[in-house]
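Reviewing the structure listed below.
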Amino acid sequence: MPADNGAFDRKREARAWRRRCDGMRGSFSSLEQFHPSEIYPRLSLSALFDSRHEGRARLEFFSHLPILTSFALTLMLTLVFPSLMERLRLPRPVGYILAGIILGPNVLSVLNPDGKVVSFFAELGKLLLMFFAGFEVNIAKFNAARNKAATFGLLTFACPFALAIGIAAMLGYSANACAVIGAILASHTLLGLPIVKQQRLVEREVTVVTVGATLLTDMLSILVLALCVPIHVRGFDPAGVLILIAWLIVYVPGVLIGLSWLVERLLAIFGTSRTSSALIMLVVMAVAAQVAEWIGMEGIIGAFLAGVCLKRAFGEIKGDDSLDVMSQALFIPVFFITAGFLVDFRVFFATLSNQPMLLFGVLAALFGGKWLAASAAARMFGYSAAERNLMFALTVPQVAATLAVALVAYATKNPAGQRLIDQPMLNATVVLVIVSSVLGLILTERAARQVKQASPPAKPTLAAAQLQEASPTVE
């Protein structure tokens with residue numbers, strides 16, 4: 001009897017196990033009900049894939065990860081990939097975009113692009129990206145060499161802007177889209193500034209002029225976007241454009257002067273502690289961005305101008321960097337990760353194979369326009385060939401404002417559902433960021449050595465001394 005009872009018990013356990021396995025196969029979408037040790041022995045590759053979403057295979061397992069596991073995986077990739085990109089001499093945002101491609105709906109589907117948390121973090125990261133871009137541009141540096149900086153800023157904006165408009169028009173884009181594409185190429189990010197610092201060339205006039213020109217190019221690019229977005233959404237209305245320009249004339253000095261005064265009062269009342277400084281920065285940025293949206297512009301314009309005015313208000317006060325650290329570690333990476341969500345490999349490789357003129361035209365407009373601007377400015381200012389090469393190399397990389405303008409334009413739709421720029425142009429922008437960053441850093445390192453070997457160091461200027469303390473925060 002004991003033996004028979006044992007055999008009966010074993011049979012009953014075997015039947016129960018088979019029923020449990022059958023239940024697990026029928027409810028694979030509810031993985032959280034089972035311990036991993038109960039699932040993995042029965043897991044097959046065919047059970048992992050689901051091709052129902054737009055005909056693309058996706059790993060269903062990763063889309064059902066617990067929220068903390070998804071968060072940990074996201075943090076791990078945002079730590080590993082940017083560090084790997086730095087080893088390859090690429091900017092960190094390229095690593096974030098690569099992480100977004102892997103985590104996004106086109107590969108693993110770990111993160112939901114339509115999730116409220118992801119959307120909020122990405123929006124805040126976009127605003128903080130442009131806020132700190134404005135915060136790094138000190139108007140005092142611009143004023144120190146304002147005439148030359150303004151001249152070079154206009155040249156390095158106008159040349160690629162005009163070439164990009166011509167190429168986009170040849171490819172059939174509308175006039176409004178052509179202007180936005182020109183604005184995407186016209187700005188630049190000072191990725192090579194750490195190399196210039198390492199070579200002790202910050203005190204050179206050519207560096208001060210190039211850094212000062214950054215303020216003008218970024219502002220002009222964002223202002224072009226501010227004009228084009230409402231035209232695309234509501235159509236061209238001469239009266240509406242004039243009203244928007246009038247608002248800009250009031251809004252820009254109102255933010256730069258009025259908010260600077262307000263921040264000084266807030267600092268006097270609440271002090272400059274870590275918490276107070278961070279909260280004042282966030283409040284001013286949010287107010288400036290919201291007012292910009294109220295008058296029909298993009299929030300990134302207000303965030304950029306808020307950064308400039310806060311830099312003026314803080315002056316010599318050593319501000320707390322806790323908000324900067326948190327932004328660089330979490331919010332800004334999420335913004336770039338959501339940019340990776342938009343990269344569809346089918347469209348991406350189709351763009352490379354079917355529309356090579358778009359890709360090569362964009363690259364030619366960028367490098368040709370920046371070279372023409374640097375050559376003309378060097379000739380006007382009497383700079384050497386090495387200094388001309390340094391101006392050119394510093395203005396080639398396209399990262400922060402380029403991606404911000406491109407993503408805002410891609411997300412903007414008119415009543416008919418047409419985007420301001422299409423998916424191929426967005427893919428071309430991603431290629432542009434990678435190529436310009438790699439070549440820009442290589443050219444900057446070579447030009448910096450040439451400048452250092454060509455002449456002895458100059459005496460530091462006030463603007464150069466201020467520039468020594470600044471470094472790009474978006475790379």
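The values are calculated or read from the model by the stated rules, or taken from the named source; none is laboratory data. Small disclaimer: the values here were computed from a predicted structure and weren't measured. Heads up: the accessible areas ignore ligands, DNA and RNA and are worked out on the full protein's heavy atoms, side chains in. Shrake-Rupley method; radii C 1.70, N 1.55, O 1.52, S 1.80 Å.
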PHE360: accessible area at probe 1.4 Å, nearest 10 Å²? 130
Integer Hz, Karplus 6.51/-1.76/1.60 couplings in order for segment 113-119, x for Gly and Pro: x, 8, x, 5, 5, 5, 5
Per the Debye formula with a single identical scatterer at each Cα and no solvent contribution, what log10 I(q)/I(0) holds for segment 67-206 at q = 0.21 Å⁻¹? -1.26
Across LYS148/LYS413; LYS311/LYS413; LYS370/LYS413; LYS126/LYS452; LYS370/LYS452, pairs whose alpha-carbon gap is larger than 32 Å: LYS148/LYS413; LYS311/LYS413; LYS126/LYS452
Compute log10 of I(q)/I(0) for segment 207-328 with the Debye formula, placing one identical point scatterer on every Cα and leaving out solvent, at q = 0.12, 0.19, 0.20, 0.21 Å⁻¹, to two decimals. -0.50, -1.05, -1.12, -1.19
When all alpha-carbon pairs of segment 142-268 are counted, what percent fall beyond 16 Å? 71
Under the Karplus relation 6.51 cos²θ - 1.76 cosθ + 1.60, θ = phi - 60°, what is the ordered set of whole-Hz ³J(HN,Hα) values for segment 67-72, x standing for Gly and Pro? 4, 5, 5, 4, 5, 5
Considering the alpha-carbon set of segment 360-412 alone, what are its Rg and its Dmax in angstrom? 13.8, 44
